[in-house]
Structure formats: structure tokens, C-alpha cells
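Dropping the structure in here first, questions after.
Just so you know, all these numbers are worked out from the coordinates, no wet-lab data involved. Note that the coordinates shown come from a computational prediction; the quantities given were computed from them, not determined experimentally. Heads up, the Cβs are rebuilt from the backbone with ideal geometry, glycines too, and the neighbour counts pull from every protein chain shown.
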Amino acid sequence: MAQASYHFPRGFLWGTATSSHQVEGHNPPNNWTAWEQEKGRILHDHKSGLACDWWGGRWREDLDRAADSGQNTHRLSLEWSRIQPAPDRWDEAALDRYREIMRGMFERSLLPMVTLQHFTLPLWLAEQGGWENERIVDDFAAYARKVVEALKEYVTMWVTINEPNVVMASAYLFGDFPPGKKDLGAAMTAGRNMLRAHAAAYHAIHKIQPQARVGVAMNYRGFAPARSWSPLDRWAARTQSLMFNDLFPRAVQKGKIYLPVGFQRIPEVAGTQDFIGVNYYTRDQVAFNLFKPGELFARRFFLPGADLSDTGFIANVPQGMFDALKWALQFEVPIIITENGVEDADDDLRPRYLLQHLHQVWRAVNFNWPIKGYYHWSLVDNFEWERGWTQRFGLWELDVETQARRKRPSADLYAEICRENGITSEMVERYAPEVMSSLFPD
Ligand code: GAL
């Protein structure tokens, strides 16, 4: 068959994403290291431990892997608890280390995208109430100033907070993340403080670095009514989407927190995003359930027969990527896919997941939607939060005991995609022939 291809615009960003707590190892006192010590909080009581040993220097070999396989950017996060170990103390040596890593990225022609806060909070801050205490707003702005002063010669692409909506849900509604609350009021307070902290950091960064591009990485999840004819299921799906997907970025855009009924003003955050980061993994079916008030009357599940990941955490729904990008358009800023990937230890699903999702990104790009880049989660297997080491998202496999890395076939596939700046029928034939007829129909 003749070779066909789907190409991306020139200068498209191709990278992978990681986060400090998940890869650095020897993590200092933060709310997650403390959480890992509590029995039963993490699956099998796994610990982040040495993680991928980036703090010990293995960032070099992993970023070599990224660069050698054609990636032109990398997204990582800074560990606030290293940089500010106590309220009145900055650790200059930690900042030097991050500067060295940024220099290392430039030496490898990897453009850095830096997240200031990816789930972890210094323990001293968590003990003061974390996101529930409005003092965090000033603390976050001071931390942003410190970091931007230190790294400004290398970094202009900043994500303030990773997935504030996941933190609202997992830390304050479902209780899976520290501080383990199930309290809608606490979730709303945390959300409000995250909005204000984001806005304060946005202004702090721009003051030091007017040319900076600053955004939030949102987790977009698809919510489809289980029975499309049912007004109750439709209401439940809409409410999930409103509270989980829309609330935060709409507030950042408009300065108003839209609730199922009415809205609250928060004018100081309006217009504080230069791009929107979209993390897309999967889509849920939603059925109305009167007995789940704590989950906004929704029962969520994957379609029967869905193409599931190893532990059933992710259903492969590529159309949801297109929906996510369409959703992101409403914010009228450039869009960057800051995370997308799947847990798949033996790499039998990842090749088709990757190709099918990138095909949807390509479709969106062809509507001239302003999509600037794609970051695959993740470069190497890493510590997956409350799921510990049970889920393997890496293009490279990690042996947690020996620190040995082994390349999965998807790493080669992604390298070919990055180098080609697109996907070809020949790649699909070699890596995921089972989706050939849907991606490249005759
Ligand atoms: C995201 C999160 C990442 C990673 C990923 C896969 O929600 O930002 O840190 O854990 O999920 O589970």
C-alpha cells in the first residue's frame, strides 16, 4: 500500500512529562512523603523511595534518552519542599541543582516547560492547612518569584499548578490524596485558594519576565451520559463536567466561579492564562445515582467492552482527545497537551493508544486550532501516587530495585513520530496493525 501520512505544523513541540516527587527520589518532607508513611494510604504501602533517582543524577541518562529519541522539549516540575524547606529558609543548593538540570536540557536541545507545583506541598505548609489556608496565596507567589529569578535565563514556559481540579476532587472529595478529606466545602475553599495562588504567581512571573508564557495544566475528563435519552443522566454528566473540567479554567478566563446554580466573583484571577495545558487520559459514562450525593449524584464507569489498561484505570477513548481540544478552544488561548498516556507494562496497548490519540490531535490541528505541542506521560515508569508502583506509564520500563531501564517498543514508535513530525501508515502497520483500517482507511 502507498505510504500515507498525517503531518504536524513546523515547530510542533514533542516531549514527555514527569514530576518531581514521582522521579527525583529521596523526597524531602512534603505532604506526600508523610502520606506514604501512613498505613493503607498507598496501594501495597509502596513508597516513592529512590523513585527514578533523578536527584541522584539519573536525570542525565533519562534526558539523554529523550533527546536521542527526537524529542525537542521536556516538562518537569520543581519540588517546592526542596527549595523552601522551612518558611524562612531557601535552599540555594537545591536551586543550583535545578539550574544545572535546566542547563542540561539546553545542552540536549530540550526546551524546558516547568511546573511550579505538581501535587506536593512542603510539609510545613500542609501542616498550616495547605490549600485550605489562604496564607498559601502569598507563599506561592513568593516561591514563584524565587524560582523565576533563579531560572529565568533558561525557562519561559511555566505551568503554575498541575491539575488543580484533580487536587480538589482527590484530596478533598474522594480522600485518596492528602489530606484525605471528603468535604465539598473544603474542596471549594482549596479551589478558591488555588485560583488566587495561580493568579498571584502569574503576575509575579510576568513582572520578572514579561515574555513568559504561563498557564495551568488541567485534567480534562470526558463525561458521557450513560443513557443519552435520560435527562437525569444528562444532568449528572453535565454537572461532573461543570465542576471537574470547567470550574477552574472558566474562573481563570472570566474571573467568575460558575456553579450548578449561580456564580461567585473572583475578579483578580480574570485573564491570567497565556495558554491552557490539557492532560487527557480517558472518558467516563455517567449515570444519575440518588445515593451518591458526595459524588454529585453520579455513578461513573467505563463502557462495557472498553479497551482497558492493565489495572482498568484507563479506557482507550481517542475521540475524547478531540473533545478535550474542542473544549479547550473556548478559553481563546494557545493549547498544549501537557499529558497523555496509558499504564501498560507489556506495551501491548500503548502503541495503538498513542497513534489513535495523535490522530485525533492531528484532526484538531487541521481545523487550525492553536495546538502547540504534545507531552507524553511519561518518559520512564515512575511513582504513581496512591497507586504506588502498580502502574507503568513509561516509554522506558524501570526496574525499581536495580534502577535499570529497558526500552519499550513505544519508545521507538514515539521517536519515529517525533522525527517525522507526524504519523505514517507505515508506522501504524508496524506498531499497531489492528488500527490500520480506522486510521488509514482505503
Ligand atoms: C496525572 C498526573 C500525573 C500522573 C498521571 C498518570 O493526573 O498529573 O502526575 O500521575 O496522572 O496517572
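Restricted to Cα positions, what overall size does the range 157-203 have along the principal axes? Three whole-Å values, descending.
Per principal axis, max minus min of the Cα coordinates gives 32, 18, 13 Å.
Quick one, could you list the DSSP H helices from the chain stretching 30 Å or more along their long axis (Cα atoms) with average Kyte-Doolittle hydropathy of -0.5 or above?
Those that clear 30 Å and a mean of -0.5 are 184-208.
Something else: Counting other Cβ atoms within 10 Å, which chymotrypsin sites (Phe, Trp or Tyr not before Pro) in the range 164-266 have at most 13 and lie in a DSSP loop?
Passing sites in the range 164-266 are 229.
I need the GluC sites (Glu not before Pro) found in the range 10-100, filtered to DSSP loop residues with at most 11 other beta carbons within 10 Å of theirs.
The qualifying sites are 38.
Once every Cα of the range 36-111 carries one equal point scatterer and solvent is ignored, give the base-10 log of I(q)/I(0) from the Debye formula at q = 0.17 Å⁻¹, two decimals.
Debye intensities relative to I(0), on a log10 scale: -0.81.
For the range 319-434, what is the Kirkwood hydrodynamic radius in Å, using each pair of distinct C-alpha atoms?
When all Cα pairs of the range 319-434 are included, the Kirkwood radius is 15.2 Å.
Would you count, across the chain, every pair of lysines whose alpha carbons are under 14 angstrom apart, provided the pair is eight or more residues apart or spans two chains?
Total qualifying Lys-Lys pairs in the chain comes to 4.
Placing +1 on the Cβ of each Lys and Arg and -1 on the Cβ of each Asp and Glu in the chain, which of 433, 261, 26 has its Cα farthest towards the positive end of the resulting dipole?
261
For an R0 of 25 angstrom, estimate the FRET efficiency from the Cβ-Cβ distance between residue 109 and residue 61 and round to the nearest 0.05.
So, using R0 = 25 Å, E works out to roughly 0.90.
Per DSSP H run of n ≥ 4, the term is -39500 (n - 2.57); total these for the chain, divide by its residue number, and report the mean residue ellipticity at 222 nm rounded to 500 deg cm²/dmol.
Computed ellipticity for the chain at 222 nm equals -11000 deg cm²/dmol.
Using just the Cα positions, wrap the range 326-367 in a convex hull and report its mean projected area in square nanometres, one decimal place.
Seen from a random direction, the Cα hull of the range 326-367 projects 3.4 nm² on average.
Turning to a different aspect of this structure: Compactness ratio of the range 1-58: Cα Rg over 2.2 N^0.38 Å, N = residue count?
1.85
Here's something else I'd like to know. Jot down the per residue volume, in cubic angstrom and as a whole number, of the convex hull over the alpha-carbon atoms of the range 393-442.
Per-residue hull volume (Cα only) is 84 Å³.
Could I ask something else about it? Nothing charged except the Cβ atoms of Lys and Arg (+1) and of Asp and Glu (-1): what's the magnitude of the dipole of the range 1-144 about its Cα centre? Round to the nearest 20 debye.
Charge dipole, the range 1-144, about its Cα centre: 520 debye, nearest 20.
Diagonalise the Cα gyration tensor of the range 232-316 and give the resulting equivalent ellipsoid semi-axes, square root of 5 times each eigenvalue, largest first, whole Å.
So the equivalent ellipsoid measures 28, 19, 8 Å along its semi-axes.
Quote the charge dipole size of the chain about the Cα centre in Debye, to the nearest 20; the model charges only the Cβ of Lys and Arg (+1) and of Asp and Glu (-1).
Result for the chain is approximately 1400 debye, rounded to the nearest 20.
In nm, to one decimal, how far is the modelled label at residue 5 from the one at residue 38, with both set 7 Å along Cα→Cβ?
Placing both labels 7 Å beyond Cα along the Cβ direction yields 5.2 nm.
Rounded to the nearest angstrom and ordered from largest down, what semi-axes does the equivalent ellipsoid of the range 174-249 get from its C-alpha gyration tensor (root of 5λ)?
Ellipsoid half-lengths, sorted descending, are 31, 17, 10 Å.
Separate question: Nothing charged except the Cβ atoms of Lys and Arg (+1) and of Asp and Glu (-1): what's the magnitude of the dipole of the range 298-442 about its Cα centre? Round to the nearest 20 debye.
That gives the range 298-442 a dipole magnitude of about 440 debye.
Next up: Once both labels are modelled 7 Å past Cα along the beta-carbon direction, what's the residue 442-residue 184 spacing in nm?
5.5 nm
Then there's this: Rounded, prolate or oblate: which fits the range 115-234, taking a ≥ b ≥ c as square roots of the Cα gyration tensor eigenvalues, rounded meaning a/c under 1.5, else prolate when a/b beats b/c?
Verdict is oblate for the range 115-234.
Restricting attention to the alpha-carbon atoms of the range 271-390, what are Rg (one decimal) and Dmax (integer), both in Å?
Here Rg and the maximum Cα pair distance are 15.8, 44 Å.
Taking one equal scatterer on every alpha-carbon of the range 98-167, how large is log10 of I(q)/I(0) by Debye at q = 0.15, 0.19, 0.20 1/Å?
Each listed q corresponds, in turn, to -0.57, -0.83, -0.89.
Considering the options 396, 356, 329, tell which one lies farthest towards the positive end of the dipole of the chain, charges being +1 on Lys and Arg and -1 on Asp and Glu at the Cβ, about the Cα centre.
329
Expressed as a whole percent, how much of the Cα-Cα distance distribution for the chain exceeds 40 Å?
Everything past 40 Å amounts to 12 percent.
List the residues whose amide H sits under 5 Å from the amide H of residue 263, counting only those 5 or more places along or on another chain, with H placed 1.01 Å from N in the peptide plane.
The list, which skips near neighbours in sequence, is empty: none.
For the chain, set up a GNM with springs between Cα atoms under 10 Å and report which of 426, 401, 384 has the largest fluctuation.
Maximum among the listed residues: 401.
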